Amino acid sequence: MTNSIHDMGGMHGFGPIEAEADEPVFHAAWEARLYALQRATGASRLWTIDGTRASLETLPPVEYLRSSYYRRWFLGLERRLVTHGLVGEDELEAGRSLRPGRGLNRKLTVEDAKRARYPDYERPPPGPARFKPGDSVRTVNLNPTTHTRLPRYARGKLGTVEAVRGCHVFPDSAAIGAGDNPQWLYAVVFTARELWGEDADPTVKVSIEAFEPYLNTR
């Protein structure tokens, strides 16, 4: 989550969430095709799931807000394909190939797709966990220009560690191609008033998943 429009937690003015009864997985055929493209190109392992998120987060704010869920996926995929040299901007403009394509290191077969599961992001820890359940912690106040999983509304806030979730790939590093950089992950709970002030509902608590670099002692 860079400091961009996609990080909407705690923001006002966007209206209520309108649930669609019996909502289909796809509303149009192109959305299903895009989903298939996502899976097929992701099999190349040229980018990580965090790199995928980052490509959406950095869309221009107006473009992000006026786009549907799958259109954001489409725009992010275009960005990744160009960044990793699979297509050129001129080819996107032309709507066709203008030169021989780049060979990939692997391909996704139908059988692969049937067996597909999300990768395992757990990694051996670089050392002991710094925090334990019950510890009071304060999140760092960061303003990144690249990807992070610490939402804006929870920065610089006082919370309590609920649980230790193990050691995992650090999204902030993986999103920019800087490797796994494994970090301990914690469930941290905050009161709504800590996050949004005295006008917030005193009965509400919010729990987030926070990596160790996001946390300091109280």
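The values are calculated or read from the model by the stated rules, or taken from the named source; none is laboratory data. This one's a predicted model, so the numbers in the text were calculated from it and none came from an experiment. Cβ atoms come from the backbone with ideal geometry, glycine included; neighbour counts cover every protein chain shown. When the accessible area is computed, the model is the full protein with side chains, heavy atoms only, and any ligands, DNA or RNA have been set aside. Shrake-Rupley method; radii C 1.70, N 1.55, O 1.52, S 1.80 Å.
Key figures for this structure:
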| item | result |
| --- | --- |
| Whole-percent carbon and sulfur share, accessible surface of the chain, 1.4 Å | 53 |
| Whether the chain is rounded, prolate or oblate, judged on the alpha carbon gyration tensor where a/c under 1.5 counts as rounded | prolate |
| Three-way shape call for the stretch 24-105 based on the alpha-carbon gyration tensor, with the a/c threshold at 1.5 | rounded |
| Square roots of five times the Cα gyration tensor eigenvalues for the stretch 81-189, Å | 38, 20, 12 |
| Reachable aspartates and glutamates from residue 157, criterion Cα separation under 13 angstrom, eight or more residues apart if same chain | 194 |
| Loop GluC sites (Glu not before Pro), the stretch 15-106 (other Cβ atoms within 10 Å of the site Cβ: 10 or fewer; DSSP) | 18, 20 |
| Loop chymotrypsin sites (Phe, Trp or Tyr not before Pro), the stretch 3-47, which have at most 11 other Cβ atoms in a 10 Å radius of their Cβ (DSSP) | 14 |
| Where N is the number of residues in the stretch 154-217, Cα Rg divided by 2.2 N^0.38 Å | 1.28 |
